[in-house]
Structure formats: C-alpha cells, structure tokens
Amino acid sequence: MSEAPEVNAQKSFKNYKITLLPGDGIGPEIMKVAVAVLQAIAPKFAITFEFETALVGGAAIDAMGKPLPDETLQLCQNSDAVLLAAVGGEKWDTMPSHLRPEQALLGLRAGMGLFANLRPAQILPQLIDASTLKREVVEGVDILVVRELTGGIYFGKPKGIVADENGVRRGFNTMVYTEPEIDRIARVAFDAAQKRGRVVCSVDKSNVLEVSQLWRDRVSAIASDYADVKLSHMYVDNAAMQIIRNPKQFDVILTGNLFGDILSDAAAMLTGSIGMLPSASLGESGKPGLFEPVHGSAPDIAGKDLANPLAQVLSAAMMLRYAFNEGAAADAIESAVNQVLDAGKRTGDIMADGCERVGCVAMGEALLAAI
Ligand SMILES: NC(=O)c1ccc[n+]([C@@H]2O[C@H](COP(=O)([O-])OP(=O)(O)OC[C@H]3O[C@@H](n4cnc5c(N)ncnc54)[C@H](O)[C@@H]3O)[C@@H](O)[C@H]2O)c1
Ligand SMILES: CC(C)[C@H](C(=O)O)[C@@H](O)C(=O)O
Ligand SMILES: [Mg+2]
C-alpha cells in the first residue's frame with residue numbers, strides 16, 4: 001500500500017517584499033511588535049514576508065546626513081509595500097527645513113506618488129470610555145478621512161523665508177491644486193464611499209480661498225459620476241467643530257493635505273487615542289503603498305516601554321488588506337487586537353478603570369498569545 005500523501009506539501013506560499021522604516025522615537029519599539037505579529041500570522045495564511053529595514057528621518061540624518069537617503073527611497077519603490085513607524089524629535093528640530101526628519105515623509109509621498117491617504121477613525125466598543133468625549137457622542141463612530149497627500153500647501157511653490165532690504169523676514173507657502181489632482185482624490189473618496197455608507201463630505205475653505213473654490217467645483221463635477229453617493233460640502237472650521245460635536249454625521253470626509261492633517265488628528269481623539277489609528281497612503285494601482293500610524297514619534301514616551309503599538313499593528317493589517325488583498329490575514333490581526341482589548345490589556349494612553357496597564361512589549365506578547 002502506498003503512503004498517504006503529505007497534504008501540505010503542495011501548498012504554495014506567497015512572498016511579499018516589505019521595506020520597514022522604523023525611524024525615530026517610539027518607532028523602533030512599535031515596529032518590533034508589528035513585525036512579530038506579521039511573522040506570527042504568516043504561516044497561517046500561506047504567506048511569507050521578506051523584510052528589509054532602511055534608515056529614515058532623524059536616524060538617517062545621524063547616519064547618512066539626510067532624512068531620506070536615495071537607497072531608502074529606491075528600496076521602497078522596489079518593494080511590494082512599505083511599513084513606516086514615525087520620524088522626528090527635538091534633536092533635529094533646529095536643522096534647516098530641508099534637513100528635518102519630517103522631510104523624509106514628504107519625500108516618500110512625492111517619490112512614491114502616494115496621493116491618497118486613507119485614515120479610518122473607528123471607535124472600538126472596548127475603548128469608548130477611553131475617549132475624552134461622552135459615550136453617546138462617540139459610540140458607533142466610523143469615519144474615513146480621505147486626505148490628498150502630494151499636493152496643496154505642503155508642496156506648492158513658491159515657498160521660503162526671505163529677508164527684505166531692512167532685514168525683516170517673510171515666510172510664505174502656496175496652497176495650490178490642479179484639476180487632475182482634485183479629480184483623482186475625489187474619485188478615491190467616492191469609490192470608498194460606495195463600499196461604505198455612500199456619503200461624502202468634502203471639506204474646504206471656499207468662502208476665502210480660490211484654491212478651495214476650484215476644489216469644490218471639481219468635487220461637485222466628479223460627484224455626477226456617482227449618483228448613488230450623497231455629497232455635501234463643509235468649511236474646514238465648521239468641520240473641526242462638527243467632528244467633536246456630532247461625529248456620527250460623517251461617513252467619508254474628503255479633504256486636502258493640510259486640512260486632512262489637522263482633521264485626522266481630531267478624528268483620532270474620538271477613538272480614544274491617537275495610538276490606535278492606522279493609515280494607508282496609496283498611489284496609482286500596481287505601485288507600492290505605504291502604511292503607517294497617524295501619530296508621530298512621541299518623543300515624550302520614547303524608550304520607556306510606554307508606547308501603544310496598536311496603531312502600528314493595525315497599519316500592518318491595512319497593508320495586508322490594501323496592498324496584498326489578504327483580507328483574511330488582516331481580519332486575523334484585527335481580531336487579535338480585539339481579543340487583547342477584551343482581555344482588558346491597556347497601554348497608558350487608553351487606560352481605563354478596571355483594566356490592566358501594560359507596556360509596549362507586554363501588549364505585543366499578548367497579541368502573539370491571541371494569534
Ligand atoms: N508620521 C510621522 O512620522 C509623524 C506624524 C506626526 C508627527 N511627527 C513628528 O513626531 C514628533 C512629535 O510630534 P507630536 O508630539 O506633535 O505628535 P505625536 O503624535 O508624536 O505625539 C502626540 C501625543 O500623543 C502621544 N502618542 C503618540 N503616539 C502614541 C502611541 N503610539 N502611544 C501612546 N501615546 C502616543 C505622545 O506621547 C504625545 O503626548 C515631531 O517631531 C513631529 O514632527 C511625525
Ligand atoms: C510629520 C508630518 C510631516 C506629517 C504630516 O503633516 O503629514 C504628520 O503630521 C502626519 O500626519 O503624517
Ligand atoms: Mg499629522
């Protein structure tokens with residue numbers, strides 16, 4: 001009699017090449033947790049990961065004299081996806097602006113063509129009491145901020161600081177959007193809305209800014225291709241207020257680079273902590289995306305095992321879903337996050353009465369145990 005065939009022998013593993021950019025501050029601590037989670041999940045879904053770590057931000061300035069070395073950008077461009085933690089810190093705050101760690105993010109976004117930044121803010125039931133807002137305000141919140149990421153005032157020219165003949169300095173930036181830039185990000189928002197609540201609120205400052213008048217005009221024009229999606233417009237100052245007053249009115253918020261930066265931090269706080277919020281930055285289809293937490297390098301808690309690694313871990317889940325179409329593996333990571341929160345594990349930023357305070361490392365261990 002012949003032996004029973006080895007059932008798993010034929011299983012084909014998919015291999016994904018991921019560039020890891022741990023960066024500064026709490027970056028390396030939270031990245032370690034995310035990588036361990038990815039490694040734990042991989043065999044369960046017939047996936048293998050090829051990780052390569054590169055220098056970015058302050059770490060790259062210290063080692064190579066610039067925030068985004070060419071080698072790092074090339075590695076990112078040639079990988080299947082990029083997982084970034086955070087950059088920045090006081091040590092580099094006095095550098096000239098083109099040599100600041102934050103420039104690495106702008107260089108990556110421009111160099112990889114990452115024009116669409118998706119920042120979901122969803123309140124997990126376990127964290128309702130970690131929000132500084134009332135339960136009835138935040139319960140059920142599920143917002144997607146779609147932020148334009150390679151245009152607007154972040155990249156507009158002219159910009160600079162110049163001195164006049166009397167030595168009085170003038171600082172200036174330019175907020176600029178072209179029609180194609182507005183159209184493509186609007187389509188991302190409408191496409192996303194079709195898969196969610198079919199409501200888009202476009203946020204601008206068209207009562208004052210010409211660039212916003214063009215924005216509103218083009219977003220309204222693109223909306224005519226999406227009859228099943230309801231579009232409204234809101235001024236950014238009102239939007240900041242409405243996000244706090246009644247966040248449940250929002251489904252997809254579509255906005256430009258600067259307004260999206262600010263509103264996504266506000267939306268983050270609805271969910272309890274900025275330490276919970278992942279993001280995806282995407283370009284043309286087929287090109288690698290970049291996945292990172294919304295928060296920064298949190299220098300105030302770096303190196304103390306206090307960081308919440310969940311935004312980083314959830315960014316890894318977004319990478320699996322958006323870059324690799326590995327929805328089941330992403331679900332498994334999200335379910336592990338839910339399990340550790342159900343078990344009452346909390347880092348300081350999301351601590352609540354009756355829960356167990358843990359550090360970054362212990363939170364990672366709890367996730368691995370859940371997986
Ligand atoms: N994407 C990025 O890399 C990014 C984003 C924002 C800010 N930054 C940079 O980070 C540095 C610090 O900026 P900041 O203080 O304005 O913003 P930040 O997001 O780093 O920190 C704001 C506050 O939130 C807390 N926090 C942030 N992430 C946390 C986490 N995972 N767990 C627990 N607490 C967390 C911090 O301790 C701090 O009190 C600056 O150099 C800034 O330019 C980088
Ligand atoms: C650090 C900075 C360049 C960055 C931004 O302004 O986009 C950050 O705040 C973010 O939200 O990713
Ligand atoms: Mg920001």
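The values are calculated or read from the model by the stated rules, or taken from the named source; none is laboratory data. This is a predicted model, so every value here is computed, not measured. All Cβ positions, glycine included, derive from the backbone under ideal geometry; neighbour counts span all protein chains shown. Accessible surface areas use protein heavy atoms only, side chains included; no ligands, DNA or RNA. Shrake-Rupley method; radii C 1.70, N 1.55, O 1.52, S 1.80 Å.
Apart from one condition, Leu306 fits all of (1) hydrophobic (A, V, I, L, M, F, W, C); (2) assigned to a helix (DSSP H, G or I); (3) open to solvent by 40 Å² or more (accessible area, probe 1.4 Å); the exception is (2).
Listed by first and then second residue, the pairs with beta-carbon distance under 6 Å, at least 6 apart or on different chains, first residue in the range 224-251 and without any contact (Cβ under 8 Å) to a residue 24 or more places away in the chain, second aliphatic (A, V, I, L, M) and surrounded by fewer than 19 Cβ atoms within 10 Å (Cβ to Cβ), form an empty list.
Looking at Ile161, Ile182, Ile123, just one residue is more than 16 Å from ligand 2 (Cβ to nearest atom) and either hydroxyl-bearing (Ser, Thr, Tyr) or over 24 Å from Phe291 (Cα atoms) (or both), and that residue is Ile161. Scanning the range 224-279 for residues that are in contact with a Gly (Cβ under 7 Å, 6 or more places away or on another chain) and not basic (Lys, Arg) yields Asp251, Gly256, Asn257, Leu258.
Restricting to the range 294-311, and then to whatever is under 10 Å from Ser273 (Cα atoms) and not aliphatic (A, V, I, L, M), can you tell me which residue is farthest from ligand 2 (Cβ to nearest atom)? The selected residue is Asn308.
For the residues Met31, Met1, Met64, the requirement of being modelled with pLDDT of 95 or more, of a type in the set (A, V, I, L, M, F, W, C) and over 30 Å from Ala362 (Cβ atoms) singles out Met64. Would you confirm whether or not the range 58-71 contains a residue that is open to solvent by 30 Å² or more (accessible area, probe 1.4 Å) and touching a residue at least 60 places away in the same chain (Cβ under 8 Å)? No, every residue in the range 58-71 fails to be open to solvent by 30 Å² or more (accessible area, probe 1.4 Å) and touching a residue at least 60 places away in the same chain (Cβ under 8 Å).
Summed over the range 347-362, the residues that are touching a residue at least 40 places away in the same chain (Cβ under 8 Å) and touching a strand residue (DSSP E or B) at 6+ places or on another chain (Cβ under 6 Å) give a count of 1. Scanning the range 102-120 for residues that are part of a strand (DSSP E or B), within 13 Å of ligand 2 (Cβ to nearest atom) and among the hydrophobic types (A, V, I, L, M, F, W, C) yields a single hit, Leu118. Evaluating Met363 against the criteria (1) surrounded by fewer than 16 Cβ atoms within 10 Å (Cβ to Cβ); (2) hydrophobic (A, V, I, L, M, F, W, C); (3) in contact with a Lys or Arg (Cβ under 7 Å, 6 or more places away or on another chain) leaves one unmet condition, (1). Within the range 29-45, none of the residues are in contact with a strand residue (DSSP E or B) (Cβ under 8 Å, 6 or more places away or on another chain) and in a loop (DSSP other than H, G, I, E, B). Counting only residues that are farther than 27 Å from Ser206 by Cα and either within 12 Å of ligand 1 (Cβ to nearest atom) or surrounded by fewer than 24 Cβ atoms within 10 Å (Cβ to Cβ) (or both), the range 256-276 holds 5 of them. For the range 94-106, residues that are within 16 Å of ligand 3 (Cβ to nearest atom) and open to solvent by 20 Å² or more (accessible area, probe 1.4 Å) total 5. Out of the range 324-334, which residues are free of Cβ contacts under 8 Å to residues at least 24 places away in the same chain and surrounded by fewer than 20 Cβ atoms within 10 Å (Cβ to Cβ)? If the condition is that a residue be free of Cβ contacts under 8 Å to residues at least 24 places away in the same chain and surrounded by fewer than 20 Cβ atoms within 10 Å (Cβ to Cβ), then Asn325, Gly327, Asp331, Glu334 are the ones that fit. Annotation note: of Phe190, Phe250, Phe155, Phe172, the sole residue that is within 16 Å of ligand 2 (Cβ to nearest atom), at pLDDT 95 or above and of a type in the set (Phe, Trp, Tyr) is Phe155. Based on this model, can you work out whether Gly272 counts as more than 14 Å from ligand 3 (Cβ to nearest atom), modelled with pLDDT under 95 and either over 15 Å from the mean Cα position of the chain (by Cα) or part of a loop (DSSP other than H, G, I, E, B) (or both)? It is true that Gly272 is more than 14 Å from ligand 3 (Cβ to nearest atom), modelled with pLDDT under 95 and either over 15 Å from the mean Cα position of the chain (by Cα) or part of a loop (DSSP other than H, G, I, E, B) (or both). Looking at this structure, is Met318 under 30 Å from Gly283 (Cα atoms) and out of contact with any Cys (no Cβ under 9 Å at 6 or more places or on another chain)? Answer is yes for this residue. The number of residues in the range 117-150 that are within 16 Å of ligand 3 (Cβ to nearest atom) and among the small types (Gly, Ala, Ser) comes to 1. Restricting the range 277-297 to residues that are within 14 Å of Gly27 (Cα to Cα) and more than 8 Å from ligand 1 (Cβ to nearest atom) leaves a set whose member that is surrounded by the fewest Cβ atoms within 10 Å (Cβ to Cβ) is Pro278.
Looking across Ala221, Ala192, one residue alone is surrounded by fewer than 18 Cβ atoms within 10 Å (Cβ to Cβ), more than 30 Å from Ser97 (Cβ to Cβ) and among the small types (Gly, Ala, Ser). It is Ala221.
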